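First up is the structure itself, then whatever we jot down about it.
The values are calculated or read from the model by the stated rules, or taken from the named source; none is laboratory data. Just so it is clear, the structure is predicted and the values come from calculations on it, not from any experiment. Please note: Cβ atoms are built from the backbone with ideal geometry, for glycine as well, and neighbour counts cover all protein chains shown.
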Amino acid sequence: MVKILLMARMLLGTLSQRIKNLVKTNFIIKTTKSVNKSLEKPMKIPLLKTLLLSSIAALLLGLSSLAQAQLKVTTTTGMIADLVENIGQDKVSVQALMGVGVDPHLYKATQGDIRKLARADIIFYNGLHLEGKMQNIFDKMARKQTVIAVTEAIPEDKLIRYDQLHDPHVWFDVALWQQAVDKVANSLANKDPKNADFYRQNSANYQQKLTQLNKWVQQEMAKVPADKRVLITAHDAFGYFGKAYGLEVMGLQGISTAGEFGLQDIKQLKDIIVQRGIEAVFVESSVSPKFIESLVKGVQAEGRNLVVGGELYSDAMGAKGSGADNYIGMVKHNVKTIRDGLLGKAGSHE
Ligand code: ZN
(Lines give C-alpha, C1' and ligand atoms only; values in the text may rest on other atoms or scores of the structure.)
Protein backbone atom coordinates (compact mmCIF):
# COMPACT_ATOMS: atom_id res chain seq x y z
CA MET A 1 0.00 0.00 0.00
CA VAL A 2 2.74 2.43 1.01
CA LYS A 3 4.49 1.55 -2.23
CA ILE A 4 1.40 2.42 -4.30
CA LEU A 5 1.09 5.77 -2.55
CA LEU A 6 4.74 6.52 -3.16
CA MET A 7 4.45 5.62 -6.85
CA ALA A 8 1.24 7.65 -7.19
CA ARG A 9 3.07 10.58 -5.61
CA MET A 10 5.95 10.14 -8.03
CA LEU A 11 3.52 10.14 -10.96
CA LEU A 12 1.80 13.22 -9.61
CA GLY A 13 5.21 14.83 -9.17
CA THR A 14 6.04 14.09 -12.82
CA LEU A 15 2.73 15.58 -13.87
CA SER A 16 3.20 18.78 -11.90
CA GLN A 17 6.75 19.07 -13.27
CA ARG A 18 5.37 18.76 -16.80
CA ILE A 19 2.79 21.45 -16.10
CA LYS A 20 5.51 23.71 -14.74
CA ASN A 21 7.55 23.11 -17.89
CA LEU A 22 4.44 23.81 -19.91
CA VAL A 23 3.92 27.13 -18.20
CA LYS A 24 7.55 28.00 -18.89
CA THR A 25 7.20 27.00 -22.55
CA ASN A 26 3.99 28.93 -22.75
CA PHE A 27 5.70 31.95 -21.26
CA ILE A 28 8.48 31.72 -23.81
CA ILE A 29 5.95 31.32 -26.59
CA LYS A 30 4.01 34.33 -25.26
CA THR A 31 7.08 36.53 -25.16
CA THR A 32 8.02 35.54 -28.66
CA LYS A 33 4.43 35.88 -29.83
CA SER A 34 4.73 39.60 -30.39
CA VAL A 35 7.74 38.96 -32.58
CA ASN A 36 6.05 36.47 -34.87
CA LYS A 37 2.31 36.24 -34.12
CA SER A 38 1.23 34.33 -37.19
CA LEU A 39 3.80 31.54 -36.76
CA GLU A 40 3.46 30.86 -33.00
CA LYS A 41 -0.28 30.99 -32.44
CA PRO A 42 -1.45 27.85 -34.28
CA MET A 43 1.38 25.84 -32.68
CA LYS A 44 0.64 26.82 -29.08
CA ILE A 45 -2.80 25.32 -28.40
CA PRO A 46 -2.25 21.80 -29.80
CA LEU A 47 1.12 21.58 -28.04
CA LEU A 48 -0.40 22.54 -24.71
CA LYS A 49 -3.32 20.15 -25.14
CA THR A 50 -1.17 17.25 -26.25
CA LEU A 51 1.21 17.68 -23.35
CA LEU A 52 -1.58 17.94 -20.80
CA LEU A 53 -3.54 15.02 -22.18
CA SER A 54 -0.48 12.81 -22.42
CA SER A 55 0.44 13.63 -18.81
CA ILE A 56 -3.03 12.78 -17.57
CA ALA A 57 -3.12 9.61 -19.67
CA ALA A 58 0.26 8.56 -18.30
CA LEU A 59 -0.94 9.19 -14.76
CA LEU A 60 -4.16 7.21 -15.20
CA LEU A 61 -2.36 4.40 -16.98
CA GLY A 62 0.22 4.26 -14.22
CA LEU A 63 -2.38 4.13 -11.47
CA SER A 64 -4.56 1.53 -13.19
CA SER A 65 -1.62 -0.74 -13.98
CA LEU A 66 -0.57 -0.50 -10.32
CA ALA A 67 -4.05 -1.46 -9.18
CA GLN A 68 -4.12 -4.31 -11.68
CA ALA A 69 -0.69 -5.52 -10.68
CA GLN A 70 -1.87 -6.41 -7.18
CA LEU A 71 -3.96 -9.52 -6.70
CA LYS A 72 -6.97 -8.79 -4.52
CA VAL A 73 -7.17 -11.43 -1.82
CA THR A 74 -9.91 -11.82 0.79
CA THR A 75 -9.39 -14.20 3.72
CA THR A 76 -11.49 -15.21 6.68
CA THR A 77 -9.09 -15.31 9.63
CA GLY A 78 -6.13 -13.07 10.38
CA MET A 79 -3.80 -16.08 10.46
CA ILE A 80 -4.55 -16.79 6.80
CA ALA A 81 -4.20 -13.08 5.91
CA ASP A 82 -0.77 -13.05 7.57
CA LEU A 83 0.26 -16.14 5.61
CA VAL A 84 -0.84 -14.61 2.29
CA GLU A 85 0.96 -11.34 3.08
CA ASN A 86 4.20 -13.17 3.83
CA ILE A 87 4.12 -14.89 0.46
CA GLY A 88 2.43 -12.26 -1.71
CA GLN A 89 4.06 -9.17 -0.14
CA ASP A 90 3.61 -6.13 -2.44
CA LYS A 91 2.06 -8.22 -5.22
CA VAL A 92 -1.15 -8.73 -3.22
CA SER A 93 -3.60 -6.60 -1.30
CA VAL A 94 -5.14 -8.66 1.48
CA GLN A 95 -8.31 -8.13 3.46
CA ALA A 96 -9.30 -10.34 6.40
CA LEU A 97 -12.98 -10.49 7.29
CA MET A 98 -12.45 -11.59 10.89
CA GLY A 99 -10.57 -9.22 13.14
CA VAL A 100 -9.17 -9.33 16.65
CA GLY A 101 -11.15 -11.43 19.13
CA VAL A 102 -13.62 -12.70 16.52
CA ASP A 103 -14.84 -16.28 16.85
CA PRO A 104 -14.86 -17.91 13.39
CA HIS A 105 -17.16 -20.79 14.46
CA LEU A 106 -20.02 -18.37 15.05
CA TYR A 107 -19.16 -15.74 12.47
CA LYS A 108 -21.84 -14.77 9.97
CA ALA A 109 -20.90 -12.81 6.85
CA THR A 110 -22.25 -9.25 6.59
CA GLN A 111 -23.30 -7.58 3.33
CA GLY A 112 -19.97 -5.76 3.38
CA ASP A 113 -18.16 -9.11 3.67
CA ILE A 114 -20.05 -10.49 0.68
CA ARG A 115 -18.90 -7.48 -1.36
CA LYS A 116 -15.29 -7.99 -0.24
CA LEU A 117 -15.52 -11.66 -1.20
CA ALA A 118 -17.13 -10.90 -4.56
CA ARG A 119 -14.37 -8.39 -5.44
CA ALA A 120 -11.52 -10.78 -4.67
CA ASP A 121 -9.30 -12.43 -7.28
CA ILE A 122 -8.73 -15.23 -4.75
CA ILE A 123 -10.61 -16.14 -1.57
CA PHE A 124 -8.71 -18.15 1.04
CA TYR A 125 -10.51 -19.71 3.98
CA ASN A 126 -9.50 -22.30 6.56
CA GLY A 127 -12.03 -25.02 5.81
CA LEU A 128 -12.70 -28.17 7.90
CA HIS A 129 -15.84 -26.37 9.09
CA LEU A 130 -13.96 -23.67 11.01
CA GLU A 131 -16.15 -21.09 9.30
CA GLY A 132 -19.24 -23.20 9.97
CA LYS A 133 -21.76 -20.49 9.07
CA MET A 134 -20.06 -19.43 5.83
CA GLN A 135 -19.58 -22.68 3.93
CA ASN A 136 -22.66 -22.12 1.73
CA ILE A 137 -21.28 -18.76 0.63
CA PHE A 138 -17.94 -20.30 -0.35
CA ASP A 139 -19.65 -23.11 -2.26
CA LYS A 140 -21.72 -20.59 -4.19
CA MET A 141 -18.80 -18.26 -4.92
CA ALA A 142 -16.61 -21.14 -6.05
CA ARG A 143 -18.77 -21.44 -9.19
CA LYS A 144 -17.42 -18.13 -10.49
CA GLN A 145 -14.34 -17.34 -8.41
CA THR A 146 -11.16 -18.95 -7.15
CA VAL A 147 -12.04 -20.12 -3.64
CA ILE A 148 -9.47 -22.14 -1.72
CA ALA A 149 -9.49 -23.85 1.66
CA VAL A 150 -5.89 -23.61 2.87
CA THR A 151 -6.20 -26.93 4.75
CA GLU A 152 -7.25 -28.75 1.56
CA ALA A 153 -3.84 -30.31 0.88
CA ILE A 154 -3.29 -31.72 4.37
CA PRO A 155 -3.51 -35.53 4.16
CA GLU A 156 -6.45 -36.98 6.04
CA ASP A 157 -4.27 -39.15 8.28
CA LYS A 158 -2.72 -35.98 9.74
CA LEU A 159 -6.12 -34.60 10.73
CA ILE A 160 -7.74 -35.19 14.10
CA ARG A 161 -11.21 -36.66 13.83
CA TYR A 162 -13.85 -35.23 16.11
CA ASP A 163 -17.26 -36.90 16.03
CA GLN A 164 -18.12 -36.95 12.32
CA LEU A 165 -15.90 -34.00 11.47
CA HIS A 166 -12.23 -33.02 11.50
CA ASP A 167 -10.72 -30.64 14.00
CA PRO A 168 -10.13 -27.40 12.03
CA HIS A 169 -7.47 -25.82 14.33
CA VAL A 170 -4.47 -26.97 12.29
CA TRP A 171 -2.47 -23.74 12.72
CA PHE A 172 -1.45 -24.83 16.23
CA ASP A 173 0.83 -27.49 14.77
CA VAL A 174 3.42 -25.38 12.98
CA ALA A 175 4.41 -28.29 10.71
CA LEU A 176 0.80 -28.68 9.54
CA TRP A 177 0.48 -24.94 8.94
CA GLN A 178 3.52 -25.26 6.71
CA GLN A 179 1.36 -27.35 4.37
CA ALA A 180 -1.12 -24.49 4.24
CA VAL A 181 1.82 -22.23 3.28
CA ASP A 182 2.52 -24.46 0.26
CA LYS A 183 -1.13 -24.43 -0.72
CA VAL A 184 -1.26 -20.61 -0.65
CA ALA A 185 2.03 -20.24 -2.55
CA ASN A 186 0.88 -22.62 -5.30
CA SER A 187 -2.51 -20.95 -5.57
CA LEU A 188 -0.98 -17.48 -5.92
CA ALA A 189 1.50 -18.79 -8.51
CA ASN A 190 -1.32 -20.37 -10.55
CA LYS A 191 -3.41 -17.24 -10.44
CA ASP A 192 -0.54 -14.90 -11.24
CA PRO A 193 2.03 -16.98 -13.21
CA LYS A 194 4.29 -14.05 -14.10
CA ASN A 195 5.13 -13.67 -10.40
CA ALA A 196 5.30 -17.41 -9.68
CA ASP A 197 9.03 -17.33 -8.88
CA PHE A 198 8.50 -14.43 -6.50
CA TYR A 199 5.82 -16.35 -4.58
CA ARG A 200 7.89 -19.56 -4.48
CA GLN A 201 10.96 -17.72 -3.19
CA ASN A 202 9.00 -15.94 -0.45
CA SER A 203 7.37 -19.21 0.45
CA ALA A 204 10.76 -20.91 0.80
CA ASN A 205 12.01 -18.08 3.06
CA TYR A 206 8.90 -18.19 5.21
CA GLN A 207 9.09 -21.99 5.46
CA GLN A 208 12.59 -21.64 6.93
CA LYS A 209 11.26 -19.34 9.64
CA LEU A 210 8.44 -21.77 10.42
CA THR A 211 10.83 -24.73 10.61
CA GLN A 212 12.84 -22.79 13.21
CA LEU A 213 9.65 -21.84 15.04
CA ASN A 214 8.56 -25.47 15.16
CA LYS A 215 11.89 -26.49 16.74
CA TRP A 216 11.61 -23.68 19.25
CA VAL A 217 8.10 -24.76 20.32
CA GLN A 218 9.36 -28.33 20.85
CA GLN A 219 12.26 -27.05 22.98
CA GLU A 220 10.07 -24.79 25.12
CA MET A 221 7.40 -27.43 25.78
CA ALA A 222 10.11 -29.94 26.73
CA LYS A 223 10.98 -27.58 29.62
CA VAL A 224 7.66 -28.49 31.28
CA PRO A 225 7.88 -31.85 33.14
CA ALA A 226 5.83 -34.54 31.36
CA ASP A 227 3.29 -35.01 34.21
CA LYS A 228 2.54 -31.26 34.19
CA ARG A 229 1.86 -31.05 30.48
CA VAL A 230 -1.90 -30.67 30.70
CA LEU A 231 -3.53 -27.80 28.85
CA ILE A 232 -7.03 -26.79 29.94
CA THR A 233 -8.71 -24.07 27.92
CA ALA A 234 -12.16 -22.68 27.09
CA HIS A 235 -12.72 -24.79 23.96
CA ASP A 236 -10.91 -27.66 22.31
CA ALA A 237 -8.77 -25.55 20.00
CA PHE A 238 -5.42 -27.02 21.01
CA GLY A 239 -5.77 -30.65 19.93
CA TYR A 240 -3.12 -30.34 17.21
CA PHE A 241 -0.87 -28.40 19.57
CA GLY A 242 -1.12 -31.18 22.16
CA LYS A 243 -0.52 -33.92 19.61
CA ALA A 244 2.50 -32.22 18.07
CA TYR A 245 4.20 -31.05 21.24
CA GLY A 246 3.23 -33.73 23.77
CA LEU A 247 0.49 -32.18 25.93
CA GLU A 248 -2.82 -33.55 27.10
CA VAL A 249 -5.48 -31.08 26.08
CA MET A 250 -8.92 -30.55 27.56
CA GLY A 251 -11.46 -27.93 26.63
CA LEU A 252 -14.58 -26.84 28.48
CA GLN A 253 -16.44 -26.73 25.19
CA GLY A 254 -15.96 -29.06 22.28
CA ILE A 255 -14.16 -28.45 19.04
CA SER A 256 -16.54 -25.64 18.12
CA THR A 257 -17.71 -22.89 20.43
CA ALA A 258 -21.20 -23.50 19.02
CA GLY A 259 -21.55 -26.60 21.24
CA GLU A 260 -22.89 -26.75 24.79
CA PHE A 261 -21.20 -28.25 27.82
CA GLY A 262 -22.69 -29.41 31.08
CA LEU A 263 -21.98 -29.32 34.79
CA GLN A 264 -20.72 -32.89 34.53
CA ASP A 265 -17.87 -31.66 32.33
CA ILE A 266 -16.90 -29.03 34.90
CA LYS A 267 -16.92 -31.60 37.68
CA GLN A 268 -14.71 -33.96 35.66
CA LEU A 269 -12.27 -31.18 34.91
CA LYS A 270 -12.16 -30.18 38.59
CA ASP A 271 -11.34 -33.76 39.56
CA ILE A 272 -8.54 -33.95 37.01
CA ILE A 273 -7.11 -30.61 38.12
CA VAL A 274 -7.06 -31.72 41.76
CA GLN A 275 -5.70 -35.22 41.07
CA ARG A 276 -2.94 -34.03 38.76
CA GLY A 277 -2.03 -30.95 40.78
CA ILE A 278 -2.51 -28.69 37.77
CA GLU A 279 -1.63 -25.10 38.63
CA ALA A 280 -3.00 -23.11 35.73
CA VAL A 281 -5.78 -23.07 33.16
CA PHE A 282 -6.07 -20.65 30.26
CA VAL A 283 -8.58 -18.25 28.78
CA GLU A 284 -8.80 -17.59 25.05
CA SER A 285 -8.94 -14.30 23.18
CA SER A 286 -11.90 -15.29 21.00
CA VAL A 287 -14.01 -17.06 23.64
CA SER A 288 -15.74 -15.59 26.70
CA PRO A 289 -13.57 -16.14 29.81
CA LYS A 290 -16.52 -16.65 32.16
CA PHE A 291 -16.54 -20.47 32.18
CA ILE A 292 -12.82 -20.79 32.77
CA GLU A 293 -13.03 -18.14 35.50
CA SER A 294 -15.88 -19.98 37.22
CA LEU A 295 -13.87 -23.22 37.03
CA VAL A 296 -10.95 -21.48 38.73
CA LYS A 297 -13.20 -20.08 41.47
CA GLY A 298 -14.76 -23.52 41.99
CA VAL A 299 -11.36 -25.16 42.48
CA GLN A 300 -10.08 -22.33 44.69
CA ALA A 301 -13.24 -22.66 46.84
CA GLU A 302 -12.05 -26.17 47.68
CA GLY A 303 -8.83 -24.75 49.02
CA ARG A 304 -6.71 -25.72 45.98
CA ASN A 305 -4.28 -23.57 44.10
CA LEU A 306 -5.32 -22.77 40.57
CA VAL A 307 -4.82 -19.61 38.56
CA VAL A 308 -5.74 -18.33 35.12
CA GLY A 309 -2.36 -18.81 33.46
CA GLY A 310 -3.02 -16.07 30.93
CA GLU A 311 -4.81 -15.46 27.68
CA LEU A 312 -4.09 -17.60 24.65
CA TYR A 313 -4.77 -16.52 21.10
CA SER A 314 -6.76 -19.44 19.79
CA ASP A 315 -8.96 -18.66 16.80
CA ALA A 316 -7.89 -15.03 16.24
CA MET A 317 -4.59 -13.18 16.41
CA GLY A 318 -3.82 -10.23 18.72
CA ALA A 319 -4.32 -6.52 18.10
CA LYS A 320 -1.78 -4.48 16.11
CA GLY A 321 1.25 -3.84 18.26
CA SER A 322 0.47 -6.66 20.70
CA GLY A 323 3.32 -8.78 19.31
CA ALA A 324 0.72 -11.47 18.53
CA ASP A 325 -0.56 -9.61 15.45
CA ASN A 326 1.17 -12.11 13.16
CA TYR A 327 1.24 -15.91 13.14
CA ILE A 328 4.78 -16.36 14.46
CA GLY A 329 4.18 -13.82 17.25
CA MET A 330 0.90 -15.49 18.13
CA VAL A 331 2.51 -18.92 18.46
CA LYS A 332 5.35 -17.51 20.56
CA HIS A 333 2.96 -15.71 22.88
CA ASN A 334 0.92 -18.87 23.39
CA VAL A 335 3.93 -21.09 23.99
CA LYS A 336 5.49 -18.73 26.55
CA THR A 337 2.14 -18.32 28.32
CA ILE A 338 1.55 -22.08 28.48
CA ARG A 339 5.14 -22.85 29.52
CA ASP A 340 5.14 -20.31 32.35
CA GLY A 341 1.61 -21.13 33.49
CA LEU A 342 2.28 -24.87 33.71
CA LEU A 343 5.58 -24.25 35.50
CA GLY A 344 3.69 -22.22 38.14
CA LYS A 345 5.24 -18.94 36.95
CA ALA A 346 2.20 -17.41 35.23
CA GLY A 347 2.81 -13.94 33.84
CA SER A 348 6.57 -14.04 34.28
CA HIS A 349 7.39 -13.40 30.61
CA GLU A 350 6.92 -10.04 28.89
ZN1 ZN B 1 -12.06 -22.90 17.62
Tell me whether the stretch 221-230 contains one or more residues that are in a loop (DSSP other than H, G, I, E, B) and either in the same structural domain as Glu85 (by TED's automatic domain parsing) or among the aliphatic types (A, V, I, L, M) (or both).
yes
Select, from Ile154, Ile148, the only residue that is more than 16 Å from the ligand (Cβ to nearest atom), in a loop (DSSP other than H, G, I, E, B) and modelled with pLDDT of 95 or more.
Ile154
Kindly provide the set of residues from the stretch 87-112 that are over 29 Å from Phe198 (Cα atoms) and either in the same structural domain as Ser285 (by TED's automatic domain parsing) or surrounded by 16 or more Cβ atoms within 10 Å (Cβ to Cβ) (or both), ordered by number.
Val100, Val102, Asp103, Pro104, His105, Tyr107, Ala109
Considering only the stretch 231-268, how many residues are modelled with pLDDT of 85 or more and away from the ligand (no atom under 16 Å from the Cβ)?
5
Checklist (1) within 16 Å of the ligand (Cβ to nearest atom); (2) without any contact (Cβ under 8 Å) to a residue 40 or more places away in the chain applied to Ser286, failing item:
(2)
Taking the stretch 289-317 and keeping residues within 23 Å of the chain's Cα centre (by Cα) and away from the ligand (no atom under 16 Å from the Cβ) leaves Gly310
Going through Leu306, Leu295, Leu343 one at a time, which residue ends up being surrounded by fewer than 22 Cβ atoms within 10 Å (Cβ to Cβ) and in contact with a Leu (Cβ under 7 Å, 6 or more places away or on another chain)?
Leu295
Of the residues in the stretch 109-145, those that are more than 16 Å from the ligand (Cβ to nearest atom) and either within 15 Å of Ala81 (Cβ to Cβ) or not aromatic (Phe, Trp, Tyr) (or both) number 25
